[in-house]
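Take a look at the structure set out below.
The values are calculated or read from the model by the stated rules, or taken from the named source; none is laboratory data. Bear in mind that the values here come from a model prediction, so they are computed numbers and not experimental data. Note: ideal-geometry Cβ built from the backbone for every residue, glycine included; neighbour counts use all protein chains shown. Calculation scope for accessible area: heavy atoms of the full protein, side chains included, ligands and nucleic acids excluded. Shrake-Rupley method; radii C 1.70, N 1.55, O 1.52, S 1.80 Å.
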Amino acid sequence: MDIRNTTLIVIGGGPGGYVAAIRAGQLGIPTVLIEGESLGGTCLNVGCIPSKAIIHAATAFAEATHWAGDSKIGIKVANPSIDLARTMKWKDGIVGRLTGGVGALLKKNGVQVIKGRATLVDGKTVNVTPAGASEPTIRVACEHLLLAAGSDAAELPMMKFGGRVISSTEALALAEVPKTLAVVGAGYIGLELGMAYRKLGAEVHVVEALDRILPAYDEELTKPVLAAINGLGIKLHLGHAVHGLNDLGDALHVKNAAGESVHLPADKILVAVGRKPHTAGWGLESLMLDMAGRAVKVDGQCRTSMRNVWAIGDLTGEPMLAHRAMAQGEMVAEIISGKNRHFAPAAIPAVCFTDPEIVVVGLNAAEAAAAGHEAITAMFPFAANGRAMTLESTDGFVRVVARKDNHLVLGWQAVGKGVSELAAAFSQSIEMGARLEDVGHTIHAHPTLGEAVQEAALRALGHALHI
Ligand code: FAD
Ligand code: NAD
């Protein structure tokens, strides 16, 4: 056995773990990062990045197809077609560049990366089984142990992954566009990828247990997405229960609210019903940490119930977002180095990359009321924004929520094409304690979608200019 010693061990090289290790390296903390699969974790390899690449390709293809049938603005396109294998190769190239970059950054900052599966011996000792080996061959001892093992796709008990039943991982690596795709779950993954595959030409059915799409967002925000889903010809089955495959195994058996059976043809069935923290199979239970449901329980500094054992990212539960994992990772490295840090963001942005996109930061009106604020709210529609018109995307709006007494901005919500890029402005205004006047009196470049942000603030003050 190869025995090593370090100050910090990080288990998992996803956005949480690799950012923690880079920051620890910058701060001079001797650090070992153990990754069982590929640096970059879910996010870079089978999550955020590949999904956005495919969404981009699907949208470009849908636009080409659109112009082939409609030359309103003078563009002519003849018979566009898609070679999905090449699209996937292009996507893999982006993933490779990013994961290679993470490896280079870790090396530059002096982090020792061990490729292999980690198993916990105790809160200060980890065994590593390198890829291809059947037994651990490396043992690393540390002062601080950071758990960043991420999450796995949730399975449906009556329809396990395998064959035509796939998770997002397989959906991001299909060799050809399925003729028929059934999607279970109208959440983030189901709608981001369901819309993309519809644009690529698949016949798509989406089955959702609840009676609405994207239950994490308020209903007004999801209306333009619902309209787009209908416009694309996706067949939505709300309030339906999934009963597994049919007898022949080539269709999805669902039941509507009245208990009537419906069989949806499906070359592939994408199950996207949430993710669960990756807590099994690597000895985590032996530490007997306090848990919060299925997630590892942490305090405001990402400390677990065991001294000098820390946890971040998806392993610690909702919201399972890459930027949250990164922020936690950076913070833990700084605390270990002696800095006084707490995880207390004023807000964590959430973006859904459907078409149109949704972005929320902070509180909506109902949440503000529930938190005891007397709030004012105002909305500015993209229909009144010149840039949106030139982009042919006037569906959607920006909405602001602010305290009535002092106009402190409490939250932003937006839906529309490209609004994900407004997340930075939204987050900054809340983190910096902006008032409506600060946003309304900031000169926003013309013509941009951002002018709708300024106008929403002005409208909340009662004097919007362009509506
Ligand atoms: P992960 O990224 O899951 O990394 C954990 C790592 O730990 C993995 O590499 C794993 O191999 C490794 N590991 C686990 N156990 C061991 C062990 N015992 N030994 C060694 N290594 C181990 N979030 C966003 O913010 N924006 C998005 O647009 C977005 N899109 C997504 C799209 C899809 C399809 C999916 C599935 C997720 C998406 N997410 C998105 C969520 C995002 O990917 C996760 O929140 C993020 O990756 C969590 O980071 P993490 O570091 O906690 O864990
Ligand atoms: P999700 O929680 O977003 O959506 C799951 C959906 O499945 C919900 O609408 C739920 O009501 C439905 N559902 C649950 N059980 C069902 C059943 N038996 N039958 C039918 N419907 C059912 O989960 P997801 O889409 O799998 O994504 C997992 C997580 O990954 C997200 O919560 C998010 O944290 C992360 N993610 C983020 C992004 C992003 O930031 N843009 C993109 C993709 C994934």
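Name the residue that is surrounded by the fewest Cβ atoms within 10 Å (Cβ to Cβ), counting only residues in segment 127-166 that are in a loop (DSSP other than H, G, I, E, B), within 29 Å of the chain's Cα centre (by Cα) and within 15 Å of ligand 1 (Cβ to nearest atom).
So in segment 127-166, the residues in a loop (DSSP other than H, G, I, E, B) come out as 131-137, 142-143, 148-150, 154-155, 157-158, 160-161, 163-164.
If we keep only those that are within 29 Å of the chain's Cα centre (by Cα) too, we end up with 131, 148-150, 154-155, 157-158, 160-161, 163-164.
Checking which are within 15 Å of ligand 1 (Cβ to nearest atom) leaves us with 131, 148-150, 154-155, 161.
Values: A131: 9, A148: 33, A149: 27, G150: 26, A154: 14, E155: 15, F161: 14.
Looking at residues that are in a loop (DSSP other than H, G, I, E, B), within 29 Å of the chain's Cα centre (by Cα) and within 15 Å of ligand 1 (Cβ to nearest atom), I get A131.
Name the strands (runs of 3 or more DSSP E) wholly within segment 266-312 that hold at least 3 residues that are touching a Ser or Thr at 6+ places or on another chain (Cβ under 7 Å) and within 16 Å of ligand 2 (Cβ to nearest atom)?
On the way: elements: 268-271, 275-277, 309-311.
Hits in segment 266-312: 275-277.
Report yes if some residue within segment 74-82 is surrounded by 17 or more Cβ atoms within 10 Å (Cβ to Cβ) and at negative phi; otherwise report no.
Residues of segment 74-82 surrounded by 17 or more Cβ atoms within 10 Å (Cβ to Cβ): 82.
Those left that are additionally at negative phi: 82.
Yes: segment 74-82 contains one or more residues that are surrounded by 17 or more Cβ atoms within 10 Å (Cβ to Cβ) and at negative phi.
Open to solvent by 10 Å² or more (accessible area, probe 1.4 Å) and at pLDDT 95 or above: is that true of T354 in this structure?
Values: open to solvent by 10 Å² or more (accessible area, probe 1.4 Å): no; at pLDDT 95 or above: yes.
Answer is no for this residue.
Quick one: which residue in G416, G396, G386, G372 is open to solvent by 30 Å² or more (accessible area, probe 1.4 Å) and at positive phi? Quick ask: steps written out before the conclusion?
Working: G416 fails: open to solvent by 30 Å² or more (accessible area, probe 1.4 Å); G396 fails: open to solvent by 30 Å² or more (accessible area, probe 1.4 Å); G386 fails: at positive phi.
That would be G372, the only listed residue that is open to solvent by 30 Å² or more (accessible area, probe 1.4 Å) and at positive phi.
Might you let me know whether segment 109-126 holds any residue that is part of a loop (DSSP other than H, G, I, E, B), among the hydrophobic types (A, V, I, L, M, F, W, C) and within 15 Å of V10 (Cα to Cα)?
Kept after step one, since they are part of a loop (DSSP other than H, G, I, E, B), are these residues of segment 109-126: 109-111, 123-124.
From the residues that got through so far, the ones that are among the hydrophobic types (A, V, I, L, M, F, W, C) too are 111.
Checking the rest, the ones that are also within 15 Å of V10 (Cα to Cα) come to 111.
Taking every residue of segment 109-126 in turn, at least one turns out to be part of a loop (DSSP other than H, G, I, E, B), among the hydrophobic types (A, V, I, L, M, F, W, C) and within 15 Å of V10 (Cα to Cα).
Please find, within segment 205-215, the residue that is farthest from ligand 2 (Cβ to nearest atom) out of those that are open to solvent by 10 Å² or more (accessible area, probe 1.4 Å) and touching a helix residue (DSSP H, G or I) at 6+ places or on another chain (Cβ under 8 Å). Before the answer, list the steps.
Step one: list which residues in segment 205-215 are open to solvent by 10 Å² or more (accessible area, probe 1.4 Å), which gives 205, 208-212, 215.
Restricting the remaining residues to those that are touching a helix residue (DSSP H, G or I) at 6+ places or on another chain (Cβ under 8 Å) gives 208, 212.
Numbers: E208: 5, R212: 8 Å.
Per the criteria, the residue is R212.
Please work out which residue is farthest from ligand 2 (Cβ to nearest atom), limiting yourself to segment 17-36 and to residues that are assigned to a helix (DSSP H, G or I) and out of contact with any Leu (no Cβ under 8 Å at 6 or more places or on another chain).
Keep residues of segment 17-36 that are assigned to a helix (DSSP H, G or I), which gives 17-26.
Retained after the next criterion (residues that are out of contact with any Leu (no Cβ under 8 Å at 6 or more places or on another chain)): 19, 23, 26.
On the way: V19: 17, R23: 22, Q26: 27 Å.
Across segment 17-36, the extreme among qualifying residues is Q26.
When you check S81 against the structure, is it among the small types (G, A, S) and either in a strand (DSSP E or B) or near ligand 1 (Cβ under 9 Å from one of its atoms) (or both), yes or no?
On the way: among the small types (G, A, S): yes; either in a strand (DSSP E or B) or near ligand 1 (Cβ under 9 Å from one of its atoms) (or both): no.
When the stated conditions are applied, S81 does not pass them.
Looking at A133, A148, can you tell me which residue is of a type in the set (A, V, I, L, M) and free of Cβ contacts under 8 Å to residues at least 24 places away in the same chain?
On the way: A148 fails: free of Cβ contacts under 8 Å to residues at least 24 places away in the same chain.
Just a single option satisfies the conditions, and that option is A133.
Examine segment 289-298 for a residue that is surrounded by fewer than 18 Cβ atoms within 10 Å (Cβ to Cβ) and within 17 Å of H240 (Cβ to Cβ), and state whether such a residue exists. Quick ask: steps written out before the conclusion?
Of the residues in segment 289-298, the ones surrounded by fewer than 18 Cβ atoms within 10 Å (Cβ to Cβ) are 290-294, 297.
When the remaining residues are screened for being within 17 Å of H240 (Cβ to Cβ), the result is none.
No, there is no match, as no residue in segment 289-298 is surrounded by fewer than 18 Cβ atoms within 10 Å (Cβ to Cβ) and within 17 Å of H240 (Cβ to Cβ).
Inside segment 37-58, can you point out the residues that are open to solvent by less than 30 Å² (accessible area, probe 1.4 Å), away from ligand 2 (no atom under 13 Å from the Cβ) and over 16 Å from L174 (Cβ atoms)?
Correct list: L39, G40, L44.
Report, by residue number, each residue of segment 171-195 that is acidic (D, E) and within 11 Å of ligand 2 (Cβ to nearest atom). Give the steps one after another, and end with the answer.
First, pick out the residues of segment 171-195 that are acidic (D, E): 176, 192.
The one that is acidic (D, E) and within 11 Å of ligand 2 (Cβ to nearest atom): E192.
Would you call R198 farther than 25 Å from T316 by Cβ, of a type in the set (K, R), in the same structural domain as A251 (by TED's automatic domain parsing) and within 12 Å of ligand 2 (Cβ to nearest atom)? Talk me through it step by step, then tell me what you get.
On the way: farther than 25 Å from T316 by Cβ: yes; of a type in the set (K, R): yes; in the same structural domain as A251 (by TED's automatic domain parsing): yes; within 12 Å of ligand 2 (Cβ to nearest atom): no.
Taking the combined requirement at face value, the residue does not satisfy it.
Determine whether M320 is open to solvent by 60 Å² or more (accessible area, probe 1.4 Å), touching a residue at least 60 places away in the same chain (Cβ under 8 Å) and in a loop (DSSP other than H, G, I, E, B). Write out each step before concluding.
Working: open to solvent by 60 Å² or more (accessible area, probe 1.4 Å): no; touching a residue at least 60 places away in the same chain (Cβ under 8 Å): yes; in a loop (DSSP other than H, G, I, E, B): yes.
No, not satisfied.
So, of the residues in segment 167-181 that are within 16 Å of ligand 1 (Cβ to nearest atom) and outside any helix (DSSP H, G or I), which turns out to be nearest to V271 (Cα to Cα)? Before you say what the answer is, go through the steps one by one.
Filtering segment 167-181 down to residues within 16 Å of ligand 1 (Cβ to nearest atom) leaves 167-174, 181.
Going one step further and asking which of them are outside any helix (DSSP H, G or I), we end up with 167, 172-174, 181.
Numbers: S167: 5, L172: 13, A173: 15, L174: 15, L181: 11 Å.
By that ranking, first place goes to S167.
Is it true that some residue in segment 98-116 is surrounded by 17 or more Cβ atoms within 10 Å (Cβ to Cβ), outside the structural domain of A325 (by TED's automatic domain parsing), within 9 Å of ligand 1 (Cβ to nearest atom) and modelled with pLDDT of 95 or more?
No.
Would you confirm whether or not segment 189-198 contains a residue that is outside any helix (DSSP H, G or I), open to solvent by 10 Å² or more (accessible area, probe 1.4 Å), in contact (Cβ under 8 Å) with a residue 40 or more places away in the chain and of a type outside the set (A, V, I, L, M, F, W, C)? Lay out the reasoning, then the answer.
If we filter segment 189-198 for residues that are outside any helix (DSSP H, G or I), which is where we start, we get none.
No, that holds for no residue.
Of the conditions (1) open to solvent by 10 Å² or more (accessible area, probe 1.4 Å); (2) in contact (Cβ under 8 Å) with a residue 60 or more places away in the chain; (3) not assigned by TED's automatic domain parsing to the domain that holds Q413, W310 clears all except one; give me its number.
(1)
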